[in-house]
Amino acid sequence: AQRVTQPEKLLSVFKGAPVELKCNYSYSGSPELFWYVQYSRQRLQLLLRHISRESIKGFTADLNKGETSFHLKKPFAQEEDSAMYYCALIRGGYNKLIFGAGTRLAVHP
Amino acid sequence: ETGVTQSPTHLIKTRGQQVTLRCSSQSGHNTVSWYQQALGQGPQFIFQYYREEENGRGNFPPRFSGLQFPNYSSELNVNALELDDSALYLCASSHPGESTDTQYFGPGTRLTVL
């Protein structure tokens with residue numbers, strides 16, 4: 001069965017520190033991986049997807065098939081990055097998102 | 001362009017009752033997915049509708065049912081409510097023609113079952 005694991009419920013860092021939000025998945029095929037973000041009082045929104053290989057708001061994520069991981073990274077955290085982050089996958093050809101439990105990122109001044 | 005909207009925002013029901021939640025898709029989107037998000041958890045897929053037909057279902061019992069209308073708006077119906085149905089219900093719309101799998105979420109309906 002497909003599963004997404006985010007081992008940290010809370011990640012607390014100071015402004016300017018590097019951030020790495022961990023995500024591991026289990027899926028035997030070739031999944032598509034995503035990071036969704038939910039800022040306070042806002043709706044869930046797509047942050048980035050692995051096939052785009054882009055950097056959004058300074059965040060990047062690399063799919064490591066060997067380690068079945070898709071960690072989200074940012075070299076210098078900003079206070080406005082404080083939010084709930086969800087890693088998710090879709091099995092190819094089936095538009096059903098499978099989410100992890102989420103990690104709350106708190107960036108302190 | 002209008003985003004995904006959901007109604008009502010909040011709802012309180014008692015055990016055994018029935019509830020209907022509504023979702024209006026983003027303009028031009030013909031696919032709607034529903035998710036249940038319990039407190040402290042990530043969203044869980046309930047089902048998806050594409051052009052008024054169910055197009056996939058998660059591990060939810062038959063008392064969770066849905067509809068999609070010709071204008072692509074959608075309803076989620078839950079019968080015989082249980083306490084564990086208390087959650088945030090999210091709908092998300094997408095269009096297979098565009099960057100496929102990008103789902104746009106609504107703000108959610110918070111359901112409390114007493």
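Need one number: % antiparallel among DSSP beta bridges in chain A, to the nearest 5.
85 percent
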Along the range B:25-32, what does the Karplus equation 6.51 cos²θ - 1.76 cosθ + 1.60 (θ = phi - 60°) give for ³J(HN,Hα), rounded to whole Hz, x for Gly and Pro?
-> 5, 5, 3, x, 8, 10, 10, 10
Please tell me which of these pairs span more than 23 angstrom C-alpha to C-alpha: A:Lys15/A:Lys74; A:Lys96/B:Lys13; A:Lys57/A:Lys96; A:Lys22/A:Lys65; A:Lys15/A:Lys73; A:Lys9/A:Lys73?
-> A:Lys96/B:Lys13; A:Lys57/A:Lys96
Roughly how many debye, to the nearest 20, is the charge dipole of chain A about its Cα centre, given +1 on each Lys and Arg Cβ, -1 on each Asp and Glu Cβ, and no other charges?
-> 260 debye
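I'm checking a number: the convex hull volume of the Cα atoms of the range B:26-91, normalised per residue, in Å³. What is it?
82 Å³
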Amide H to amide H, which residues 5 or more places from B:Thr5 or on other chains are under 5 Å from it, using H placed in the peptide plane?
-> B:Ser24
Of A:Arg49, A:Arg41, A:Arg91, the one that fluctuates the most in a GNM where chain A has Cα springs shorter than 10 Å = A:Arg41
Using a Gaussian network for chain B with springs between C-alpha atoms less than 10 Å apart, which of these wobbles most: B:Leu67, B:Leu90, B:Leu21?
-> B:Leu67
Compute the Kirkwood hydrodynamic radius of the range A:33-79, taking the inverse of the mean of 1/r over all pairs of distinct Cα atoms, and give it in Å to one decimal.
-> 11.6 Å
Percent breakdown of C-alpha pair distances by 10 Å bin, ordered from the shortest bin, for the protein assembly as shown = 8, 33, 35, 20, 4, 0
Dividing the alpha-carbon radius of gyration of chain B by 2.2 N^0.38 Å (N being the number of residues), what value is obtained?
-> 1.00
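Bear in mind that the values in this text are calculations on the coordinates, not laboratory data. Quantities reported herein were computed from a predicted structural model and do not represent experimental measurements. So basically every Cβ, Gly included, is an ideal-geometry build from the backbone, and we count neighbours across all protein chains shown.
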